[in-house]
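Before any comments, here is the structure.
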Amino acid sequence: MNLSSGVGDDPDGVNANRAALQRLVGGIHVYSRQNHGTAMTVVTREILGDPAAPIQTMPQTADALISDVPGVRLLIQTADCQAVILVDPQKRVVANVHNGWRGSVANIIGRTVRQMVAAFGCDPDRMLAAIGPSLGPCCAEFVNYRSEIPEALWPFRMGRHHFDFWRISRHQLIAAGLCAAHVHAAQVCTRCNPHLFFSYRAARRTGRFATLVGLDTPGTAGARVGSGDCVGP
């Protein structure tokens with residue numbers, strides 16, 4: 001069930017997998033060209049190449065997708081990196097962020113929250129976030145962290161060379177204005193569970209699975225997503 005067209009897999013097989021997922025979930029599935037950067041794309045009806053096409057790939061590179069269009073599913077492909085979902089249930093805006101260690105260093109999560117505020121008037125205080133299965137602190141080893149990870153993130157180091165990127169993302173989300181009670185993480189390590197997930201660190205040559213988020217008809221998202229009272233970090 002590899003969903004990536006960029007890892008040397010048979011294109012027909014990848015297309016068949018994407019089609020199977022689209023039939024299962026429905027809606028218009030939107031992929032992006034990810035490159036571990038900080039570029040974002042706001043997916044509107046106008047920029048969809050063919051509004052009737054069930055599967056589309058944005059022509060521009062983007063590691064974060066944002067949309068308020070019902071029926072659109074935003075997909076992020078990962079194999080150890082985090083997919084971070086953001087939802088403002090009142091403004092009915094969703095985002096999906098490809099957040100690897102380079103994304104953590106650049107704080108692409110915080111940048112995406114700010115873009116949702118600027119483009120749609122979202123309120124971080126009521127936003128919800130979910131961090132998907134990804135490389136855990138058990139396996140996120142960075143022997144050369146002094147040259148790769150900025151010193152501001154060293155407090156999240158565990159032992160000599162390991163980092164807790166789940167905690168980094170939580171910290172960045174709260175710093176962006178989200179309530180601690182609204183931040184959720186799967187806390188499942190992809191490298192420790194190769195029978196469930198693709199893992200680049202475990203296999204190097206491997207596929208990509210996808211996390212997706214989207215809106216249905218008005219009122220549906222609010223019914224599906226719960227939120228509690230905001231509390232401090």
Practice problem: Within the range 45-104, count every residue that is in contact with a Ser or Thr (Cβ under 9 Å, 6 or more places away or on another chain) and without any contact (Cβ under 8 Å) to a residue 24 or more places away in the chain. | Solution: 2
Self-check item: Sole exception among (1) crowded, with 17+ Cβ neighbours inside 10 Å; (2) under 17 Å from Gly110 (Cα atoms); (3) out of contact with any helix residue (DSSP H, G or I) (no Cβ under 9 Å at 6 or more places or on another chain) for Phe198, by number
Solution: (2)
Self-check item: Count of residues meeting criterion [part of a strand (DSSP E or B) and out of contact with any Pro (no Cβ under 9 Å at 6 or more places or on another chain)] in the range 68-85
Solution: 8
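Matching residues to (1) surrounded by fewer than 20 Cβ atoms within 10 Å (Cβ to Cβ); (2) without any contact (Cβ under 8 Å) to a residue 24 or more places away in the chain; (3) within 19 Å of the chain's Cα centre (by Cα); (4) farther than 24 Å from Gln77 by Cα:
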| residue | (1), (2), (3), (4) |
| --- | --- |
| Glu151 | yes, yes, no, yes |
| Pro155 | yes, yes, no, yes |
| Phe165 | no, no, yes, no |
| Ala175 | yes, no, yes, yes |
| Cys179 | no, no, yes, yes |
| His182 | no, no, yes, no |
| Val188 | yes, no, yes, no |
Quiz prompt | Residues (out of contact with any His (no Cβ under 9 Å at 6 or more places or on another chain), surrounded by fewer than 17 Cβ atoms within 10 Å (Cβ to Cβ) and not hydrophobic (A, V, I, L, M, F, W, C)) located in the range 116-149 | solution = Gly121, Asp123, Arg146, Ser147, Glu148
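Every number in this text was worked out from the coordinates using simple rules, so none of it is lab data. This is a predicted model, so every value here is computed, not measured. Here Cβ is always computed from backbone atoms with ideal geometry, including for glycine, and neighbour counts include all displayed protein chains.
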